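Report on the structure given below.
The values are calculated or read from the model by the stated rules, or taken from the named source; none is laboratory data. None of these values were measured; they are calculated from a predicted model. FYI the Cβ positions are ideal-geometry reconstructions off the backbone, even for glycines, and counts take in every protein chain you see. Note: accessible area is taken over every heavy atom of the protein model, side chains too, but ligands, DNA and RNA are not part of it. Shrake-Rupley method; radii C 1.70, N 1.55, O 1.52, S 1.80 Å.
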Amino acid sequence: ELARHTPGANAAPESPLDLRALNSALGGRTLVEYVRLEDELHAIVLADGRCTRHRIGSYQAVLKELEQLRFAMGRIAKQHGSPAMLQGARTIYQHARTTLDRFLLTPLRKRIGVAGELVLVPTGSLHALAWPALPSLEGRVLTVSPSARSWLAAETVPARPGPVALAHGPGLPHAENEIAALAKLY
């Protein structure tokens, strides 16, 4: 958290992002980068060699729905509460994911289509969004990256065969089971 908010005082200025290289690396995928300007949320879409900007709306309105979605997902995952409370959480979940889909993806529908791979670059608290929970992203192949520049850097590194390391952070109650399940795939 501290590193994320620390300004890079002595960092050399970055060169401009090479949009041609980015478009070439996308290879038919579509990149959507969300940008926040005060309370105004915008999306930059790079698809088919063309870059467009789309106004999304209020960042605070999106955060309100994100908070509702995360609350509901936590309640459902932990099965915490009475059957009526769990049903309420499922209702909140459905409403929040539908509203977030309408806020974040509906304005982009013509540019991103309904199929094909997406590369999503969130901003701020949108990094905490479970993107596959949004109805129009269900079953769609997507990658979430901290920045277009880091996605491009990772995409252009040659793949090297070798051992795979799986790790988890502390305090994650289901992490060991997830790691064991993933290990069976390698």
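Within region 73-88, one or more residues are out of contact with any strand residue (DSSP E or B) (no Cβ under 9 Å at 6 or more places or on another chain) and surrounded by 18 or more Cβ atoms within 10 Å (Cβ to Cβ).
Which residues, counting only those in region 25-66, are in a strand (DSSP E or B), free of Cβ contacts under 8 Å to residues at least 24 places away in the same chain and open to solvent by 70 Å² or more (accessible area, probe 1.4 Å)? Result: LEU37, ARG50, ARG53.
The set of residues in region 112-143 being in contact with a strand residue (DSSP E or B) (Cβ under 9 Å, 6 or more places away or on another chain) and within 24 Å of GLU38 (Cβ to Cβ) consists of LEU120, VAL121, PRO122, THR123, GLY124, LEU126, HIS127, LEU129, TRP131. Any chance region 67-82 includes a residue that's on the phi < 0 side of the Ramachandran plot, among the β-branched types (Val, Ile, Thr) and part of a helix (DSSP H, G or I)? The answer is yes, given that some residue of region 67-82 is on the phi < 0 side of the Ramachandran plot, among the β-branched types (Val, Ile, Thr) and part of a helix (DSSP H, G or I). Filtering LEU63, LEU41, LEU46 for residues that are hydrophobic (A, V, I, L, M, F, W, C) and in contact with a Gly (Cβ under 7 Å, 6 or more places away or on another chain) leaves a single hit, LEU41. Within region 159-179, residues that are farther than 17 Å from LYS78 by Cα sit with their Cβ atoms under 8 Å from residues that are small (Gly, Ala, Ser) and in a helix (DSSP H, G or I), at 6+ positions apart or across chains, in these pairs: LEU166/ALA183; HIS168/ALA175; GLY169/ALA175. So, in region 123-144, exactly how many residues are open to solvent by 40 Å² or more (accessible area, probe 1.4 Å) and in a loop (DSSP other than H, G, I, E, B)? Total satisfying the criteria: 3.
Of all residues in region 1-52 being of a type in the set (Lys, Arg) and farther than 23 Å from ALA115 by Cβ, which is modelled with the lowest pLDDT? Checking each candidate, the answer is ARG4. The set of residues in region 145-163 being over 18 Å from SER24 (Cα atoms) and either open to solvent by less than 60 Å² (accessible area, probe 1.4 Å) or not in a loop (DSSP other than H, G, I, E, B) (or both) consists of GLY162 alone.
For region 165-184, what are the residues that are in a loop (DSSP other than H, G, I, E, B) and either under 24 Å from the mean Cα position of the chain (by Cα) or surrounded by 10 or more Cβ atoms within 10 Å (Cβ to Cβ) (or both)? Scanning region 165-184 gives ALA165, LEU166, ALA167, HIS168, GLY169, PRO170, GLY171, LEU172, PRO173, HIS174.
Scoring ARG109 on the criteria (1) at pLDDT below 95; (2) outside any helix (DSSP H, G or I); (3) under 18 Å from the mean Cα position of the chain (by Cα) leaves a single failure, condition (2). Taking the condition of a type outside the set (Gly, Ala, Ser) and at pLDDT below 90, does ARG97 pass? So ARG97 fails the test. Confirm whether VAL114 is exposed (fewer than 14 other Cβ atoms within 10 Å of the Cβ), touching a Ser or Thr at 6+ places or on another chain (Cβ under 8 Å) and on the phi < 0 side of the Ramachandran plot. Considered against the rule, which asks whether it is exposed (fewer than 14 other Cβ atoms within 10 Å of the Cβ), touching a Ser or Thr at 6+ places or on another chain (Cβ under 8 Å) and on the phi < 0 side of the Ramachandran plot, VAL114 comes out as yes.
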